[in-house]
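The values are calculated or read from the model by the stated rules, or taken from the named source; none is laboratory data. On a predicted model such as this, the values are computed, not experimentally measured, just so you know. Positions of Cβ are backbone-derived with ideal geometry, glycine not excepted, and every protein chain shown enters the neighbour counts.
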């Protein structure tokens with residue numbers, strides 16, 4: 001484990017060979033398993049499991065009762081809502097060891113995954129995407145996409161600020177809160193600098 005300045009509640013368990021960034025907080029009854037990398041300024045809520053070799057970037061917010069399994073990588077500024085869960089095997093069986101079949105799931109910068117959502121392994125989540133509470137992700141999620149339901153379907157687009165975008169006839173949207181402009185072309189959203 002790294003010798004950095006972070007907080008770990010007395011009831012949390014941190015296994016060997018973990019790297020934990022400065023300013024990170026790990027709360028009650030959470031288990032950080034071996035060989036994890038957790039960036040600076042993260043908040044790991046209570047009763048969270050971070051399985052071996054998971055990588056979490058900077059400023060990740062993990063709410064209570066979240067399971068993050070081997071194969072998951074979260075880039076900076078990701079929000080993982082209460083009781084959401086990742087998977088890492090597509091066809092699990094109790095009597096069959098499939099550890100050599102783990103699939104990777106990449107959650108890109110700034111994405112939000114709502115409470116009780118389930119992310120089926122091997123499906124990446126694009127930058128700043130917003131996944132509604134209770135959704136089940138069974139395919140790739142585009143950057144800035146707003147998806148809901150089981151199975152999840154895209155119902156719109158959101159800004160980096162997290163608000164719904166409305167595009168005009170020229171494919172331009174303006175986020176009032178952040179003053180940012182976005183361009184939509186061929187089902188791809190681009191933030192205009």
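Structure values in brief
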| item | result |
| --- | --- |
| Qualifying residue in region 24-34 (condition: under 20 Å from residue 110 (Cα atoms), assigned to a loop (DSSP other than H, G, I, E, B) and at pLDDT 95 or above) | yes |
| Residue match in region 89-102 (condition: part of a loop (DSSP other than H, G, I, E, B) and on the phi > 0 side of the Ramachandran plot) | no |
| Scan of region 150-177 for residues that are within 22 Å of the chain's Cα centre (by Cα), in a loop (DSSP other than H, G, I, E, B) and more than 19 Å from residue 105 (Cβ to Cβ), ordered by number | 159, 160, 161, 162, 163, 165 |
| Filter pass, residue 127 being in contact (Cβ under 8 Å) with a residue 12 or more places away in the chain and surrounded by fewer than 17 Cβ atoms within 10 Å (Cβ to Cβ) | no |
| Verdict on residue 72 being free of Cβ contacts under 8 Å to residues at least 24 places away in the same chain and buried (at least 20 other Cβ atoms within 10 Å of the Cβ) | no |
| Output for region 15-31, where each listed residue is closer than 15 Å to residue 49 by Cβ and under 20 Å from the mean Cα position of the chain (by Cα) | 18, 26, 27, 30, 31 |
| Out of 81, 122, sole residue that is surrounded by fewer than 20 Cβ atoms within 10 Å (Cβ to Cβ) and in contact (Cβ under 8 Å) with a residue 24 or more places away in the chain | 122 |
| Conditions (1) modelled with pLDDT under 95; (2) farther than 23 Å from residue 132 by Cα; (3) surrounded by fewer than 14 Cβ atoms within 10 Å (Cβ to Cβ); number of the one not met by residue 102 | (3) |
